[in-house]
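Colleague: Below you'll find the structure I mean.
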Amino acid sequence: MSPTVALDAIDLSDVEFWTGPRDIREAAFRTLRDTPGLIHFEERLIEDAPFPRGAGYLAVTRHADIWSVSRNPAVFCSGQGSNIGDLPQEMNEFFGSMINMDDPKHYRLRSIVSKGFTPKEVSRVERVVVAKATQIIDRLDAAFPDQTCDFVEHVAAALPLEIICDMMGIPPEDYAQVLAWTNTILGVGDPEYVTSYEDLMSQSLEMFMYAQALGEDRRANPRDDITSVMMAAEVDGEQLSPQEFGSFFILLVVAGNETTRTAISHGMKALTDHADQRELLYGDFDTHSRTAVEEIVRYATPVIHFRRTATEDTDIDGHPVPAGTKVVMFYNSGNRDERVFDDPYRFDVARPLQPAHVGFGAGGPHFCLGANLARREIAVMFDMLRRRLPKMRIVGEPAYLQSNFINGIKRMQCAWD
């Protein structure tokens, strides 16, 4: 029997809520979804950060409400920040690039960087995805004769890291540094990765300076990579500045790395825990691969939340939302909404594509630019695993990232025959 959690026992701003039992967390969000209206939560002060505590936020937990907020950017803006805490706007754009912008700035930047994600560019990457996945499996055979390894480091993280670095023209000798920067930026809240606000800023600045240098080099010396494509692209006669590319680089490399790694990790755990679904997928991959990928993203929900801010007095499903109010969309809750998904806690690789999950956002101008690339990486990785290592399975409990933002897995042991 699943647990129940009383409304007055829920505090989404409490660190212990996010490090506690996952079934309790799921029960708490079920309570929030079933409670009429929207619940306000106070914010916690960010330790050693030079910013005041915010005024709190409304938790948006139902699928329909998340969809509504996402598709109404004029009323629910991103330009005041997409995470819960308040930062100066220059810092929002430094860390989040265009996800912390509104039109016309957002439209201009997305129009330029999308030149690197045209069907032609994604088609070129397709060959790289298959080649990289093959290399990863080949390395496992050579490096681990005992047929056991950390699935996250050697499989789930390796593919998106190598793909995004290859796309950007980053040399292989820098891959480990890029991964370390990624872990730091998205590891806020987990003492294994971030020990202080100063450490976070220092490593973020290192990544930014690396990206600026890369962008300047490709503008002067173009190569066959999407950094060169983006640095040469123009919209209304304007190009990316090296500073804009530096911030977008942080967004692209961090998001393209961590979210796909998280989806693949959770996907392997789910296929281990649900042998019937593994048999269904592996037995007829061509039939089920598309729905399986969407189900893995729904089930994992790599990004837990994003924030918007009301630009005027409005409402969400009849609940008043005054101008200036922060609203936080909890995608993990929307993807478990019983009003939308039949038996939402069940992992079902044949689950219909409609209604759509909110794992890539829920439409609107901030829908994930790299969604199709992520889908392809997930599909290719599991196709390669079922062909080459069909008996690979998870054999230990995951070490979860301590975060209210990323549903990450830091380490997870696997074995194969």
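Here, each number is a calculation from the coordinates, and none is a lab measurement. This is a predicted model, so every value here is computed, not measured. Ideal geometry is used to build each Cβ from the backbone, glycine not excepted, and the neighbour counts take in all protein chains shown.
Colleague: Could you give me the percent of Cα pairs per 10 Å distance bin for the chain, shortest bin first, beginning at zero and ending with the bin that holds the maximum distance?
Modeller: Each 10 Å bin holds this share of Cα pairs: 4, 22, 33, 27, 12, 1, 0.
Colleague: Here's something else I'd like to know. Rg to Rh ratio, region 1-139, alpha-carbon atoms and Kirkwood radius?
Modeller: Computed over Cα atoms, the ratio is 1.07.
Colleague: Apply the Karplus parameterisation 6.51 cos²θ - 1.76 cosθ + 1.60, with θ equal to phi minus 60°, to every residue of region 298-304 and state each ³J(HN,Hα) to the nearest whole Hz, in sequence, with x for glycine and proline.
Modeller: 4, 5, 7, 6, x, 9, 6
Colleague: Okay, next question. How big is the gap, in Å, between the Cα center of region 2-67 and the Cα center of region 318-349?
Modeller: Taking the Cα centre of each part, region 2-67 and region 318-349 sit 12 Å apart.
Colleague: Quick one: dipole size for region 7-415, taken about the Cα centre, charges +1 on Lys/Arg Cβ and -1 on Asp/Glu Cβ, in debye to the nearest 20.
Modeller: 1100 debye
Colleague: Something else about it: Compare the Cα positions of Ile137, Pro88, Asn404 along the charge dipole of the chain (+1 at Cβ of Lys, Arg; -1 at Cβ of Asp, Glu; about the Cα centre) and return the one farthest towards the positive end.
Modeller: The Cα lying farthest towards the positive end belongs to Ile137.
Colleague: Here is a follow-up. When only Cα pairs under 8 Å and 6 or more residues apart are kept, what is the percent relative contact order across the chain?
Modeller: 24 percent
Colleague: Could you pull out every residue, at least 5 positions away or on a different chain, whose amide H is within less than 5 Å of the one on Val321? Hs are placed 1.01 Å off N in the peptide plane, and Pro or chain starts have none.
Modeller: Residues meeting the criterion, in which the H sits 1.01 Å from N, are Thr314, Asp315, Ile316.
Colleague: What residues qualify as long-range amide H neighbours of Lys410, i.e. H under 5 Å apart, gap of 5 or more or another chain, H built at 1.01 Å from N?
Modeller: Close amide H contacts, sequence-distant or interchain: Ala399, Tyr400, Leu401.
Colleague: Something else: In the neighborhood of Glu192, defined by Cβ-to-Cβ distances under 13 Å, what is the net charge if each Lys or Arg adds +1 and each Asp or Glu adds -1?
Modeller: 0
Colleague: Can you tell me the length gained on complete extension of the stretch Gln135 to Asp199, counting 0.36 nm per residue apart and subtracting the Cα distance?
Modeller: Roughly 19.6 nm would be gained on extension.
Colleague: Would you work out which of Asn183, Gly267, Leu281 lies farthest towards the positive end of the dipole of the chain, given +1 charges on the beta-carbon of Lys and Arg and -1 on that of Asp and Glu, about the Cα centre?
Modeller: Leu281
Colleague: Bin width 10 Å, alpha-carbon pairs only: give the P(r) of region 272-355 as whole percents, running from 0 to the bin holding the largest distance.
Modeller: That works out to 16, 36, 25, 14, 8, 1, in percent per bin.
Colleague: Sort out for me the Cα centre separation of region 107-166 from region 249-312, rounded to whole Å.
Modeller: 15 Å
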